[in-house]
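Below: the structure, in structure tokens.
The values are calculated or read from the model by the stated rules, or taken from the named source; none is laboratory data. Here the structure is a predicted model, which means the values were calculated and not measured. All Cβ positions, glycine included, derive from the backbone under ideal geometry; neighbour counts span all protein chains shown. Only protein heavy atoms, including side chains, enter the accessible area calculation; ligands, DNA and RNA are left aside. Shrake-Rupley method; radii C 1.70, N 1.55, O 1.52, S 1.80 Å.
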Amino acid sequence: SDAQFVCCDLYEAQKFVKEKFDFVFSSYGTIGWLPDLDKWAAVVRNFLKPNGRFVFAEFHPVVWMLDSQFNLIEYSYFNKETIIENVPGTYADRNAQIQNPEITWNHNLAEVPEALLNQGWVLETFQEFDYSPVNCFPNTIQIEEGKFQIKGLEGKLPMVYGLRMKG
């Protein structure tokens, strides 16, 4: 079927997208760019039809506590402050010969379901996994097809979590 792509500030999406949907999905690496999860949850809620479902898969907040090489705990699990780092490369090409400031926010594990539950949804399922389905971190090893863990921390580190909510 046809797809429509809309490029806009997420918090302004209601101005550009008027449809409601049976199903909304948010994938890996999305909420770290957002400072306010309550506003995010309200936007997602706006786009769901009654009894619609929201599926969310994200990197575990424990991963974001560690430095970029996974050697040291650099950030608090309960970090509420804006994180500004000068990062070499780009999101798509870590070896690109550029360096830019990257602005992110860490959100602990309770923040996501809390923001969604505050919108009146029901939690249907919640799961955690000790691997990433994509090889997007440094120092990873493949433990089996489609499963990557940090070398030296195999099976010790939660890397991904997912949940499904019903509206």
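Restricting attention to region 105-132, and to residues there that are free of Cβ contacts under 8 Å to residues at least 60 places away in the same chain and part of a loop (DSSP other than H, G, I, E, B), which single residue is nearest to Ile84 (Cα to Cα)?
Asn108
Within region 70-94, which residues are within 30 Å of Lys166 (Cα to Cα) and open to solvent by 100 Å² or more (accessible area, probe 1.4 Å)?
Phe78, Lys80
Quick one: which strands (runs of 3 or more DSSP E) sit completely within region 45-104 and have at least 1 residues that are in contact with a helix residue (DSSP H, G or I) (Cβ under 9 Å, 6 or more places away or on another chain), under 30 Å from Gln14 (Cβ atoms) and not aliphatic (A, V, I, L, M)?
By residue number, 48-59, 99-104.
Exactly one condition in (1) touching a Pro at 6+ places or on another chain (Cβ under 7 Å); (2) more than 20 Å from Leu116 (Cα to Cα); (3) open to solvent by less than 80 Å² (accessible area, probe 1.4 Å) is not met by Cys8; state its number.
Just one mismatch for Cys8, condition (1).
Is one or more of the residues making up region 48-67 without any contact (Cβ under 8 Å) to a residue 12 or more places away in the chain and in contact with a strand residue (DSSP E or B) (Cβ under 9 Å, 6 or more places away or on another chain)?
yes
Where residues in region 16-34 are part of a loop (DSSP other than H, G, I, E, B) and touching a Leu at 6+ places or on another chain (Cβ under 8 Å), which of them is nearest to Arg53 (Cα to Cα)?
Kept after step one, since they are part of a loop (DSSP other than H, G, I, E, B), are these residues of region 16-34: 16-20, 27-30, 34.
The next check asks that each one be touching a Leu at 6+ places or on another chain (Cβ under 8 Å); those that pass are 20, 34.
Details: Lys20: 12, Leu34: 21 Å.
My answer is Lys20.
Here's the yes/no breakdown for (1) under 17 Å from the mean Cα position of the chain (by Cα); (2) within 20 Å of Val160 (Cβ to Cβ); (3) surrounded by 12 or more Cβ atoms within 10 Å (Cβ to Cβ):
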{"site": "Glu19", "(1), (2), (3)": "no, no, no"}
{"site": "Ala42", "(1), (2), (3)": "yes, no, yes"}
{"site": "Phe54", "(1), (2), (3)": "yes, yes, yes"}
{"site": "Ser68", "(1), (2), (3)": "yes, yes, yes"}
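I'd like the full set of residues that are in a strand (DSSP E or B) and either touching a strand residue (DSSP E or B) at 6+ places or on another chain (Cβ under 7 Å) or modelled with pLDDT under 95 (or both), limited to region 145-167.
Within region 145-167, Phe148, Gln149, Ile150, Val160, Tyr161, Gly162, Leu163, Arg164, Met165, Lys166 meet the criteria.
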